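The values are calculated or read from the model by the stated rules, or taken from the named source; none is laboratory data. The structure presented is a predicted model; accordingly, all values stated were derived computationally and were not measured. Here the Cβ positions follow ideal geometry from the backbone for every residue, glycine too, while neighbour counts run over all protein chains shown. Remember, those area values only see protein heavy atoms, side chains included, never the ligands or the DNA or RNA. Shrake-Rupley method; radii C 1.70, N 1.55, O 1.52, S 1.80 Å.
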Amino acid sequence: QVQLVESGGGLVQAGGSLRLSCVVSGKIVSINTMGWYRQAPGKQRELVASIISGGSTGYADSVKGRFTISRDNAKNTVYLQMNSLKPEDTAVYYCAALVVTTNSPAGATYWGQGTQVTVSS
């Protein structure tokens, strides 16, 4: 089994910063793409940022220049540094990872339980 555990969410004032972490554990052969998604009340879940095993990254236009995704492959961990936070960034943030295991040699996507980020104005 594979588990993803997020941490680092909370309440912050507009303009502030938060750093989210997501640790992947289990019978892992390798981890390919890792990403952060968010879902605000009444809205669809959206991709915020992604990073492949080689380190290339992608961002939603709404967070470019403010958020930075990174990963530590030795620790099976992905991070999301969020700066200059805005009230519209308020959402539940989920990490996801495409993980190769012995049972899923082609890889399967696993999700964390989500962490709440609230930005007050």
Original post:
Pick from region 30-41 the residues that are open to solvent by 50 Å² or more (accessible area, probe 1.4 Å) and modelled with pLDDT of 95 or more: which of them is nearest to the chain's Cα centre (by Cα)?
Top reply: 37
Subject >> Long-range neighbours under 8 Å by Cβ, at least six apart or interchain, first residue more than 17 Å from residue 99 (Cβ to Cβ) within region 66-83, second surrounded by 15 or more Cβ atoms within 10 Å (Cβ to Cβ) and modelled with pLDDT under 95 >> reply: none
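For every residue, the table says whether it meets (1) assigned to a loop (DSSP other than H, G, I, E, B); (2) exposed (fewer than 14 other Cβ atoms within 10 Å of the Cβ).
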| residue | (1), (2) |
| --- | --- |
| 93 | no, no |
| 96 | no, no |
| 99 | no, no |
| 104 | yes, no |
| 113 | yes, yes |
| 117 | no, no |
**OP:** Would you be able to say whether some residue in region 109-119 is in contact with a strand residue (DSSP E or B) (Cβ under 9 Å, 6 or more places away or on another chain) and free of Cβ contacts under 8 Å to residues at least 60 places away in the same chain?
**Re:** yes
Subject >> Pick from region 42-86, criterion more than 14 Å from the chain's Cα centre (by Cα), among the basic types (Lys, Arg) and open to solvent by 40 Å² or more (accessible area, probe 1.4 Å), ranking: nearest to residue 17 (Cα to Cα) >> reply: 86
**OP:** Tell me, please, whether a residue that is open to solvent by less than 30 Å² (accessible area, probe 1.4 Å), within 10 Å of the chain's Cα centre (by Cα) and more than 14 Å from residue 90 (Cβ to Cβ) can be found in region 7-20.
**Re:** no
